[in-house]
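S.K.: The structure under discussion is supplied below as structure tokens; questions concerning it will follow.
The values are calculated or read from the model by the stated rules, or taken from the named source; none is laboratory data. What you see is a predicted model, and the numbers here were worked out from it, not measured in a lab. Using ideal geometry, Cβ is built from the backbone for each residue, glycine included, and neighbour counts are taken over all protein chains shown.
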Amino acid sequence: MGKPYSNDLRERVVAAIDTGHTREEVAERYNLALSTVGRFIRRKRETGSVEPGKFGGHKTFTLAPHADLVRALVAEQPDSTLAELKARLAKKKVKVSKSAISRFLHHLNLTFKKRAYTPRSKIGKTSSRLVRPCGKHSQPLIRNDLSSLMRPAPPPR
């Protein structure tokens, strides 16, 4: 994203127009687009200043006034989905999208993940020795007797 032109340049452009130069001459002189010169002049005429408007900034969250309600709903039912939370907020007369809910929950540092009710699978080691980089005289990294997914070696001919 670009930055606004400096106030010094803006003032020089408007001053050049006020002294009688045409917009085309000023645009050529300061290496600007003709539309940019026109915007500088219009801004000076409408606001009395050539300073740029607000650029960037922070956008507030739609759910910010309802932070306590959102925390209470999540604490009440922590494994609900975004759609369920949206429906529960709609009952409280709060209309908001699922993506806004997701961003606000992330802002509040509330995790929104389902719990895994099954235990993790415990897979044992498949190799009894450390893996070494393959070199000119080293053995292959995968041994035939360790993997159950490998096809057996073809019989010798």
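S.K.: Residue check, Lys125 against (1) farther than 17 Å from Thr62 by Cβ; (2) at pLDDT 60 or above, all met but one. Which one?
M.R.: (2)
S.K.: Within the stretch 89-103, can you find the residues that are within 17 Å of the chain's Cα centre (by Cα) and touching a residue at least 24 places away in the same chain (Cβ under 8 Å)?
M.R.: Matches in the stretch 89-103: Ala100, Ile101, Arg103.
S.K.: Within the stretch 1-46, work out how many residues are loosely packed, with under 12 Cβ neighbours inside 10 Å, part of a helix (DSSP H, G or I) and of a type in the set (Lys, Arg).
M.R.: Looking only at that region, the number is 2.
S.K.: Search the stretch 52-109 for residues being part of a loop (DSSP other than H, G, I, E, B) and of a type in the set (Phe, Trp, Tyr), and hand back the single one that is surrounded by the most Cβ atoms within 10 Å (Cβ to Cβ).
M.R.: It comes out as Phe61.
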